[in-house]
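First the structure, in the form of structure tokens, and then the observations on it.
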Amino acid sequence: MLPSRATRPLAAGALAAVATFTAYGCTFGNLADYSIQQCDPGAASQAADVCDRLNGSDHAYCTPYQCDPSTKRCVQRPRDDDRDGDPKAACGGGDCDDDDAAISSLRVGTPAPLAGATLPPDEAKYGLTTDGGDAPLLAFASKVGSGECLSVAKADIASTTSLGACQLLSTNYTTLPTQPYARKVGDASFAAAFVSLSGCAAGALGFAYSDKVALATCGAGVARPALAVRDTSRAVVAWYEVPAASRASPLDDCASATPTALRLLAIDSIAAPSVTTATGTLSTTATSMQPPALLVRGGSVFVASPDGDAAKIWALDATLAPATSYGLAGMPSARSTAMAAHQLTDGRWRVAVVAELGCDKQVIRLSIVDFDPSALAFTSVVDAEVAAASGSYQWQPTIAWVEKRQRWLVTWLTPGPKPFARFMGDDGTAGAPSFALASGALTAESLSTGHAALVASSAGGQQLLDSPVRCP
């Protein structure tokens with residue numbers, strides 16, 4: 001600790017800071033005998049702290065000079081870059097993200113509102129997804145006279161928040177959209193796959209972008225579509241070929257759900273979409289209560305879904321034909337899947353699939369595989385349990401890779417609804433026990449920022465919330 005007046009040599013790099021300190025009201029008797037008059041303890045980060053100028057390149061990384069709140073003097077303290085009171089984990093503290101003051105090991109972060117919305121009472125009329133893993137997108141049906149459009153609430157946690165009305169289907173209010181799934185296209189546009197109930201009780205596939213709408217003819221039915229954007233001009237849609245009503249409620253309809261086909265569609269022009277011809281069928285024995293997991297990474301398109309008595313992951317080629325697949329045997333009776341990935345140093349992709357198993361007192365499990373794009377081959381890494389069966393429901397798991405923590409973040413819902421979260425290691429090792437996030441969330445989504453996006457009821461409707469997830 002540096003006293004208010006001390007005789008000592010200046011740290012390397014401090015000589016150049018003398019003039020700077022004088023400007024901040026910090027005076028020096030001479031270069032070997034100086035006094036720090038005062039500093040500002042309200043600095044939001046280590047870089048903004050005037051005391052940081054005392055930290056030369058040879059200074060101990062974990063004990064930098066920082067402004068002491070009680071004395072307003074520069075003292076050596078355990079490194080706490082974000083000033084949340086929890087030192088950096090690498091320096092003996094518990095803070096796994098020392099750049100985010102909302103995240104620490106000391107407390108569960110307080111959810112902050114990002115956007116407001118008035119959601120329809122039917123849960124099938126809205127859907128929460130992520131924009132590449134870090135920004136949540138909430139798509140929902142909005143009433144327009146006797147019809148409906150699709151609105152999208154986009155919340156960028158790092159900067160701005162926006163809520164738009166009727167960005168999609170603004171030229172066709174008669175489609176009766178349900179089960180919407182939105183993605184961002186480019187920097188400022190949105191697209192969505194949805195089920196149209198207009199003149200088709202079983203549901204027909206719909207795709208909307210800007211003022212463009214494409215509707216398929218009525219057939220055997222469409223349920224729980226998912227959308228992935230390959231680039232600014234192309235997309236892929238996957239869905240289950242079964243009446244939408246049979247997958248309306250993930251819990252109530254689970255026990256009666258029967259195996260069905262998992263279908264694919266290539267959107268070759270997002271700006272001029274066509275949904276007339278399905279590209280292919282990946283499975284005929286899929287029993288899922290949530291959308292199939294769709295992920296675009298590099299030049300690879302991955303799909304994961306319940307399949308038969310377990311689950312499966314597919315890698316698609318440039319034409320969206322299956323290049324290879326891998327059965328996830330550690331997921332018996334899977335009823336929904338979610339997926340995330342990150343790239344290894346050798347160019348392979350590490351892909352994690354999380355699933356809920358069964359229809360009652362569900363187990364949440366994780367399967368991790370590596371994909372080699374040059375060999376078009378999957379290899380198993382590990383199967384692991386995220387949440388054991390409890391006395392009640394556990395459903396709708398989601399997953400994201402959090403680069404700063406080098407861990408997978410898994411969230412899921414329990415009755416209340418109350419979302420839970422748990423971090424899992426890159427090799428599937430379990431972190432600290434699972435813990436609850438904010439109560440009353442209608443749905444949740446893991447984010448690559450180490451936060452979770454939640455939709456919760458409020459007095460003015462519903463709010464899209466940013467919930468920091470504490471360090472394990």
request  = Measure off 7 Å from each Cα along the Cα-to-Cβ vector at THR258 and SER233, then give the distance between these two points in nanometres to one decimal.
outcome  = 4.3 nm
ask   = Setting aside same-chain residues fewer than 8 positions from LYS212, which lysines have a Cα under 18 Å from its Cα?
value = LYS184
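Give me the net charge of LEU265's neighbourhood, meaning all other residues with Cβ under 15 Å from the Cβ of LEU265; Lys, Arg count +1, Asp, Glu -1. Can you show the working numbers first?
Working: positive: ARG183, ARG224, ARG230, ARG234, ARG263; negative: GLU241, ASP268.
Charge balance in the 15 Å sphere: +3.
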note = Using alpha-carbon positions, the gyration tensor of the chain gives root eigenvalues a ≥ b ≥ c; with a/c under 1.5 called rounded, otherwise prolate if a/b exceeds b/c, else oblate, the class is prolate
request  = State the Cα centre-to-centre distance between segment 262-316 and segment 65-85 in whole Å.
outcome  = 52 Å
request  = Assign one of three labels to segment 417-467, namely rounded, prolate or oblate, based on the Cα gyration tensor with a ≥ b ≥ c the square roots of its eigenvalues; rounded applies when a/c is under 1.5, prolate when it is not and a/b is larger than b/c, and oblate otherwise.
outcome  = prolate
key: Local net charge near VAL382, Cβ-Cβ under 13 Å (Lys/Arg +1, Asp/Glu -1)   = -3
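Just how large is the dipole of the chain about the Cα centre, in debye to the nearest 20, putting +1 at every Lys and Arg Cβ and -1 at every Asp and Glu Cβ? Walk me through the numbers before you get to the answer.
Numbers: 34 positive and 44 negative charges, 68 e Å.
Taking the Cα centre of the chain as origin, the dipole is about 320 debye.
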key: Relative contact order for segment 292-436, counting Cα pairs under 8 Å that sit 6 or more residues apart, in percent   = 15 percent
task = Using +1 at the Cβ of each Lys and Arg and -1 at the Cβ of each Asp and Glu in the chain, identify which of GLY416, PRO468, SER146 lies farthest towards the dipole's positive end.
result = SER146
message = If each residue of separation counts as 0.36 nm, what is the full-extension length gain between LEU376 and SER269 once their alpha-carbon separation is subtracted?
response = 35.9 nm
request  = Name the long-range amide H neighbours of ILE267: under 5 Å, sequence gap of 5 or more, or other chain; modelled H, no Pro or chain starts.
outcome  = ALA235, VAL236, VAL237
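Contact order normalised by length for the chain, with contacts defined as Cα pairs under 8 Å and 6 or more residues apart; what percent is it?
Values: 1303 pairs, mean separation 45.4, N = 472.
Relative contact order comes out at 10 percent.
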remark   = With a ≥ b ≥ c from the Cα gyration tensor eigenvalues, square-rooted, and the rule rounded for a/c under 1.5, otherwise prolate when a/b > b/c and oblate otherwise, segment 218-290 is prolate
note = Taking max minus min of the Cα coordinates of segment 168-290 on each principal axis, largest first, gives extents in Å of 41, 29, 24
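Determine the sum of side-chain charges near ALA43: Lys and Arg each +1, Asp and Glu each -1, restricted to other residues whose C-beta is under 9 angstrom from that of ALA43. Don't jump to the answer; show the numbers that get you there.
On the way: positive: ARG83; negative: ASP40, ASP49, ASP52.
The answer is -2.
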query = In terms of Cα to Cα distance under 17 Å, which lysines are near enough to LYS404, apart from those fewer than 8 places away along the same chain?
reply = LYS88
query = How do the peptides 347-355, 383-391 rank, highest first, by the average count of neighbouring beta carbon atoms within 10 Å per residue?
reply = 347-355, 383-391
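Rule-based calculations on the coordinates, nothing more; no lab input. The shown structure was predicted, so the numbers you read here are calculated from the model rather than taken from an experiment. Backbone-built Cβ (ideal geometry, glycine too); neighbour counts: all protein chains shown.
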